[in-house]
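Engineer: Let me begin by handing over the structure; questions about it come next.
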Amino acid sequence: MKMIGIGDNGAAGLLPQYIEWIHECDVLVGGERHLQFFPSFKKEKRVIKGGLSALVADLQEETRNVVILVSGDPLFYGLGSVLAKKISLEIYPYTSSVQLAFSNMQESWQDAYIVSLHGRSIKGFAQKIDGRKKVAVLTDDTNSPQAIAAYLKRYNMTEYDAFVAENLQGEDERCRFLSLDDMEQAPFSPLNVVILKQRTVIERSSIGIPDDAFLQRKPDKGLITKKEIRTLCLQELELKETSIVWDIGTCTGSVAIEAAKIAREGAVYAIEKNEGDLENCLENQLKHRADFTAVLGKAPDRLEEFPDPNAIFIGGNGGNMEHLLETCITRLQPNGRLVMNIATIENLAEAMQHLKALGCEVSILQAQLSRSKPILHLTRFEPLNPIYIVTAKKGTNE
């Protein structure tokens with residue numbers, strides 16, 4: 001069984017050997033657009049529509065000579081990677097849409113970051129591309145060039161200019177360099193690829209964003225996990241690039257924002273009971289280019305809306321600690337880590353009791369830190385509130 005990549009120029013872009021295989025086969029499988037390129041083929045044609053399970057089942061039973069047509073490179077966000085796991089295939093790729101777009105742009109692409117928004121949510125796009133010099137984006141009707149431009153402007157990612165390639169190798173091919181403002185207003189064909197390129201270099205922020213860089217509730221300034229404590233907590237969470245993270249009692253969103261920048265191929269979910277703090281968190285997301293889910297509520301309520309996490313941070317529990325910790329540890333994935341900030345000895349003792357009863361391996365870091373502060377021409381130290389950082393690791397058999 002052969003799988004052949006094809007472009008929008010149809011048979012004109014295929015090698016003679018590929019065309020021969022197509023005409024010799026008993027069954028030609030492909031999308032309606034691909035099959036229309038071969039009107040003279042009179043044997044069985046099978047259109048790929050809807051779910052793939054029925055197609056896979058049919059192909060697994062098929063004994064005749066089959067050729068499957070797919071767009072571009074079948075192993076580049078294509079059908080090839082799905083079918084190759086189920087049936088024996090010979091795969092013959094065509095040039096991918098991204099290659100063709102960069103070729104028209106006359107720009108190298110070995111250093112490009114490639115992301116597909118085709119059939120996917122745009123949630124998390126900001127932190128995925130933040131600081132990237134070149135980004136290739138596969139689009140769809142929802143995540144169109146216009147929608148992408150509006151999104152980037154919302155997160156103040158205006159260092160990017162765009163190149164949009166439409167109907168590549170088709171009769172209506174069109175390629176344009178555009179500003180984000182122009183891309184937001186222009187019409188486009190549904191078949192397009194967007195290339196984003198930094199006009200000016202913007203570097204990502206390093207870990208430990210200054211406290212005063214976050215919008216905070218006034219006049220109660222200080223309801224934030226301080227930079228030094230935040231950094232220690234992030235280290236204890238042991239986040240990976242693909243981690244799923246919960247931030248409970250997110251307040252300004254400082255921990256969630258830094259977590260999103262580390263786990264930028266994963267996802268962050270935050271909950272906050274105070275409406276004003278949640279508004280600040282949402283504004284801080286825009287300011288710091290971190291796009292994650294943040295909801296209003298008091299945990300453990302609404303945690304069922306979140307997927308099971310690899311890491312959980314609890315900045316404040318607001319009472320009901322036993323039920324909250326039981327919910328969190330139950331949902332935490334094997335070998336996951338829960339980190340809590342605790343200010344009082346009583347709460348520390350209670351947390352230890354519950355976490356050990358839940359079978360966790362628990363460690364505590366007592367942090368007593370001071371920052372230097374000028375006084376006239378001298379320097380003194382101003383202490384931060386002492387804090388207990390409790391880390392609970394879940395075993396593999398929970």
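The values are calculated or read from the model by the stated rules, or taken from the named source; none is laboratory data. Source: prediction; values computed, not measured. No Cβ is skipped: glycine too gets one built from the backbone with ideal geometry, and neighbour counts run over all protein chains shown. The protein model used for the area step is the full one, side chains on, heavy atoms only, and it has no ligands, DNA or RNA in it. Shrake-Rupley method; radii C 1.70, N 1.55, O 1.52, S 1.80 Å.
Engineer: Determine, yes or no, whether Lys128 is in contact with a Phe, Trp or Tyr (Cβ under 9 Å, 6 or more places away or on another chain), open to solvent by 50 Å² or more (accessible area, probe 1.4 Å) and of a type in the set (Lys, Arg).
Structural biologist: No; evaluated as a whole, the condition is false for this residue.
Engineer: Search region 229-245 for residues that are closer than 19 Å to Pro210 by Cα and pair each with any residue that is open to solvent by less than 10 Å² (accessible area, probe 1.4 Å) and part of a helix (DSSP H, G or I) when their beta-carbon atoms are under 9 Å apart and the residues are at least 6 apart or on different chains.
Structural biologist: From region 229-245, the pairs are Arg230/Ser254; Arg230/Val255; Arg230/Glu258; Thr231/Glu258; Cys233/Val255; Leu234/Val255; Leu234/Glu258; Leu234/Ala259.
Engineer: With the structure loaded, tell me whether Leu83 is within 30 Å of Ala54 (Cα to Cα), in contact with a Gly (Cβ under 9 Å, 6 or more places away or on another chain), open to solvent by less than 40 Å² (accessible area, probe 1.4 Å) and of a type in the set (A, V, I, L, M, F, W, C) or whether it fails that test.
Structural biologist: no
Engineer: Looking only at region 22-60, which residues are in a strand (DSSP E or B) and either β-branched (Val, Ile, Thr) or under 16 Å from Leu89 (Cβ atoms) (or both)?
Structural biologist: Residues satisfying the conditions are Val27, Leu28, Val29, Gly30, Arg46, Val47.
Engineer: May I ask you to list the residues in region 140-165 that are aromatic (Phe, Trp, Tyr) and outside any loop (DSSP other than H, G, I, E, B)?
Structural biologist: Within region 140-165, Tyr151, Tyr160, Phe163 qualify.
Engineer: Being open to solvent by less than 40 Å² (accessible area, probe 1.4 Å), polar (S, T, N, Q) and either farther than 26 Å from Gly266 by Cα or in contact (Cβ under 8 Å) with a residue 40 or more places away in the chain (or both), is that true of even one residue in region 383-391?
Structural biologist: yes
Engineer: Please note which strands (runs of 3 or more DSSP E) are completely contained in region 342-398 and include at least 2 residues that are among the β-branched types (Val, Ile, Thr) and under 19 Å from Ile248 (Cβ atoms).
Structural biologist: Those strands (runs of 3 or more DSSP E) span 361-367, 387-393.
Engineer: Another one. One residue is enough: does region 201-217 have a residue meeting the conditions assigned to a loop (DSSP other than H, G, I, E, B), touching a Leu at 6+ places or on another chain (Cβ under 9 Å) and open to solvent by 50 Å² or more (accessible area, probe 1.4 Å)?
Structural biologist: yes
Residues checked against (1) surrounded by 24 or more Cβ atoms within 10 Å (Cβ to Cβ); (2) assigned to a strand (DSSP E or B):
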| residue | (1), (2) |
| --- | --- |
| Leu223 | no, no |
| Ile229 | no, no |
| Thr242 | no, no |
| Thr250 | yes, no |
| Val255 | yes, no |
| Ala260 | yes, no |
| Glu265 | no, no |
| Tyr269 | no, yes |
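Engineer: Hey, another quick one. Restricting to region 61-101, give me the number of residues that are hydrophobic (A, V, I, L, M, F, W, C) and assigned to a loop (DSSP other than H, G, I, E, B).
Structural biologist: Going through region 61-101 one residue at a time, the tally reaches 6.
Engineer: Within region 322-332, can you find the residues that are open to solvent by 10 Å² or more (accessible area, probe 1.4 Å) and over 22 Å from Gly253 (Cβ atoms)?
Structural biologist: The answer is Glu322, His323, Glu326, Thr330.
Engineer: I'd like the full set of residues that are open to solvent by 40 Å² or more (accessible area, probe 1.4 Å) and touching a residue at least 60 places away in the same chain (Cβ under 8 Å), limited to region 294-317.
Structural biologist: Of everything in region 294-317, those that are open to solvent by 40 Å² or more (accessible area, probe 1.4 Å) and touching a residue at least 60 places away in the same chain (Cβ under 8 Å) turn out to be Pro307, Asp308, Asn310.
Engineer: Take region 338-381 and flag every residue that is of a type in the set (A, V, I, L, M), over 20 Å from Thr396 (Cα atoms) and open to solvent by 40 Å² or more (accessible area, probe 1.4 Å).
Structural biologist: Passing the criteria: Ala343, Ile345, Ala349, Ile364, Leu365, Leu369, Ile375, Leu376, Leu378.
Engineer: Listed residues Leu180, Leu168; which is more than 16 Å from Gly72 (Cβ to Cβ), open to solvent by less than 80 Å² (accessible area, probe 1.4 Å) and not charged (D, E, K, R)?
Structural biologist: Leu180
Engineer: Do we have any residue at all in region 130-139 that's in a loop (DSSP other than H, G, I, E, B) and touching a helix residue (DSSP H, G or I) at 6+ places or on another chain (Cβ under 9 Å)?
Structural biologist: yes
Engineer: Please determine whether any residue of region 162-175 is on the phi > 0 side of the Ramachandran plot, out of contact with any Ser or Thr (no Cβ under 6 Å at 6 or more places or on another chain) and modelled with pLDDT of 95 or more.
Structural biologist: Checking region 162-175: not a single residue is on the phi > 0 side of the Ramachandran plot, out of contact with any Ser or Thr (no Cβ under 6 Å at 6 or more places or on another chain) and modelled with pLDDT of 95 or more.
Engineer: Taking interchain pairs and intrachain pairs at least six residues apart, which have beta carbon atoms under 8 angstrom, with the first residue in region 270-281 and farther than 21 Å from Ala311 by Cβ and of a type in the set (Gly, Ala, Ser) and the second open to solvent by 10 Å² or more (accessible area, probe 1.4 Å) and at pLDDT below 95?
Structural biologist: Hits for this filter: Gly276/Arg217.
Engineer: Please verify whether Asn335 is touching a residue at least 60 places away in the same chain (Cβ under 8 Å) and either over 17 Å from Ser243 (Cα atoms) or open to solvent by 50 Å² or more (accessible area, probe 1.4 Å) (or both), treating the condition exactly as stated.
Structural biologist: So Asn335 fits the description; yes.
Engineer: Are any residues in region 271-284 touching a strand residue (DSSP E or B) at 6+ places or on another chain (Cβ under 8 Å), open to solvent by 20 Å² or more (accessible area, probe 1.4 Å) and either of a type in the set (D, E, K, R) or assigned to a strand (DSSP E or B) (or both), and if so, which ones?
Structural biologist: Residues satisfying the conditions are Lys273, Glu275.
Engineer: How about region 285-341: which of its residues are among the aromatic types (Phe, Trp, Tyr) and in a loop (DSSP other than H, G, I, E, B)?
Structural biologist: Of everything in region 285-341, those that are among the aromatic types (Phe, Trp, Tyr) and in a loop (DSSP other than H, G, I, E, B) turn out to be Phe292, Phe306.
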